[in-house]
Amino acid sequence: MNQFSLLSLAAIAALASEPVAIQKITVEASVDSKSVEADEMVKFSRQSDLGEMLSNTLPEITHVRNSAVGNDIILRGFRKDNLVITIDDAKVCGACPNTMDPPSMHLSSAQIASVEVQEGPFDVTQFGSLGGKINVATKDPKKGLHGEVSATLGSFKYRKLSTTVEGGNDTVQALVGFSRETSGQYKDGEGRTLTEQTDHLLPSAPAPHAQEYQSSYANADAYDRNNFWTKIVGNVSNNQKLTLSYFGDRTDDVLYPRYRMDAQVDDTDMFNLKYQRNRLSNFSDELKIEAYHSKVTHVMGTDFRVAATNATTTMVAPVEATIQGLSIENTLTVLGTKISVGLDGSVRNWNGTSGAKINPATRILLPDVDTKNIALYAKALKTIGNYDLSGGIRYDDTSINADQALMPTATDQEHNSVSANLLGKYHYSQTGNVFMGVGQSVRVPDAKELYWPTLAGSHDRLNKTKNREIDAGAEHTVGNIHIKGTAFYSDLKDSIYAYKSGANLSWKNMDARIVGFDLKTDIALNNEWRIDAGMAYQKGTKKDPSQLGQTDKDLAEIPPMKGRAALVFENTAHYAAAEWIGASNQTIDSDNGEKEIGGYGIVNVKYGAQLGNDFSLTTGINNFFNRTYAVSNSYVGNEFIADGGVPLVLNEPGRNFYATLGYKF
């Protein structure tokens, strides 16, 4: 037994971290912050993967299965640069051009205090919030001396050990934390590991396929990960607060069987500083100044694959992504209206010039690209009788500059854009309301879409994308039943779309639309039993597929109808739940390489108990009936492994269990 396993077993005298509150912000929440509701409590998860946690909680979110970790997020059919994902309102950008390391990967679940999900183009504080915003709020330190230790054991050699210590007085509080996590390859419902799924798609006869795994790596661990973090909060005076935080992630040897390479190194460093001052003057209820810096180093390689027989046939592709940001926001109240005015700026660098070696040539993946943004924004909130009203406007000035010495055909870009929204909610009774919002948001093309090597010099042809959207819904409570529904229509002007151009991958602007709805209900059966249920549906359509020289009108990456229903028992000492999660068949873009994915339905069961003396236990069994199913897509926008043009779609884990035991003081 290795050292980490011994530590895990020793620490099993200890409990799971606190539940993570996932809050869903719909359009009316921008009218009044008190409208934010706790949509669900994630009491049980063995994952440190935010994408999978959200996917199992909110039907309108689907994760994209990349590997055992690092799964991306699709919200209402929006993904990648069409979503803004922040940590304490600060950005971290993945470095992999194929989104092996999405922003949601770069934190530990042990840090998370809550997650806010805002759907639609209704945020003006962040650059590029086209289809929605997800913000992760990390835990703040407390006064006194406190700590927790937790250990998780699970199927497929899953091991996680996490510890946090915090303390302080009225003036200064500090927190430090560490987690260590390893996992073997999970098996799907048919008993196939990650590498076996690759081999199943790519038959080795008569000769081994170059993308198959070498026999010596067939049973390798899926990943190895260490996280460490700290946060210091200083109360400078009664109305001033300074917060400093740092997060580091060191993830090694991550198997990515969907792709042609694996991740040898995935390192993240993130620094964040926030200064807050209340009651500065009659013209400032609150002044906030925030600055951040994050860096991701992602080294891809083919060392584990059959083709890597010597130095000339082994590919190594290091890529770095950094972003620095600064924002200043002042909030004041004028005639009962809460007004915030802000200045926001960032510089994102994406650099794939360190030497991507392919047989044995070297080529540039991304030519050291800077995306610089400076913006002014304003937003306002006001209540008039039974009406809550809000609005916002943002002006962005953006430049995109590539190193033309590395790619002479690269052309710089300049973009100026305006985003705006107007929202309203009417309370027709104390237990019901209706709401509506209209908004426009903008996002510019990213470095891969502009400068990917297969684009063959046409780097100046992409326009920015505009999302013009209307959301409307209602919420009502009758007795012990609460129900809420939202519908939306999203009109996408110049959507940046990946498509097949002969043998190459390319991008082009085209017009599209996404329509859909989500519905949620909570039924309290008594003080301890309740039913939670929800469903979401969206459909994406190309307005004119002939813009791509194609005929299929279906947009890619649009998840199918998905639902979740759970029977929950909860009191002060025990928690138990049985939940069903299911989806229908996925509609695909057959012209652009998506693979059909069938519908599914799975059952998860969970139990937790407070054991006394500050010990507690959580356990669960996922995919109880051991179904074989997949939820990911196979869109051509990433360079997947494919055999005869059919991309590999990973199945989800088969039946698996986990148990977390922890201690708090």
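Quick note: the coordinates plus some simple rules give every number you see, no bench work behind them. Source: prediction; values computed, not measured. Neighbour counts are summed over all protein chains in view; Cβ atoms, including those assigned to glycine, are modelled from backbone coordinates with ideal geometry.
Here are some notes:
- Compared with the alpha-carbon gap, the fully stretched path from residue 238 to residue 386 is longer by 49.8 nm at 0.36 nm per residue.
- Counting neighbouring beta carbons within 10 Å and listing from fewest to most, the residues 568, 84, 605 come out as 605, 568, 84.
- Note on residue 603 and residue 489: the extension gain reaches 37.8 nm, defined as 0.36 nm multiplied by sequence separation minus the Cα-Cα distance.
- Distance between the C-alpha centres of the range 460-501 and the range 249-289: 26 Å, rounded to the whole angstrom.
- Taking the Cα centre of the chain as origin and assigning +1 to Lys and Arg Cβ atoms and -1 to Asp and Glu Cβ atoms, the resulting dipole is close to 540 debye.
- Spin-label model, residue 230/residue 539: points 7 Å from Cα along the beta carbon direction are separated by 5.5 nm.
- Whichever aspartates and glutamates have a C-alpha closer than 16 Å to that of residue 143, once near sequence neighbours (fewer than 8 apart) are set aside: 166, 170
- Cβ crowding within 10 Å, taken as a proxy for footprinting-reagent exposure, orders 72, 188, 412 from fewest neighbours to most as 412, 188, 72.
- Across the cross-link table entries 157/295; 231/338; 139/382; 542/595; 231/288, which are compared at the Cα atoms, the separations over 21 Å belong to 157/295; 231/338; 139/382.
- Spacing of the two label points (7 Å from each Cα toward its C-beta) at residue 573 and residue 326, in nm: 5.7 nm
- Centroid-to-centroid separation of the range 406-436 and the range 59-116 [C-alpha atoms, Å]: 20 Å
- At an R0 of 51 angstrom, the distance between the Cβ atoms of residue 463 and residue 615 translates into a FRET efficiency of 0.30.
- A simple spin-label model places pseudo-atoms 7 Å from Cα toward Cβ; at residue 171 and residue 341 they are separated by 3.6 nm.
- For the range 218-234, Karplus couplings with θ = phi - 60° (6.51, -1.76, 1.60), whole Hz, Gly/Pro x: 4, 10, 5, 4, 6, 5, 9, 9, 10, 10, 8, 8, 8, 9, 10, 10, x
- FRET efficiency estimate (nearest 0.05) - Cβ-Cβ, residue 504 to residue 309, R0 25 angstrom: 0.40
- Computing FRET efficiency as 1/(1 + (r/R0)^6) for residue 625 and residue 527, where r is the C-beta to C-beta distance and R0 is 41 Å, gives about 0.85.
- Amide H within-cut-off set for residue 85, under 5 Å, with H built and near neighbours excluded: 134
- Full extension of the chain segment joining residue 430 with residue 334 gains 31.9 nm, where the gain is 0.36 nm per residue of separation less the Cα-Cα distance.
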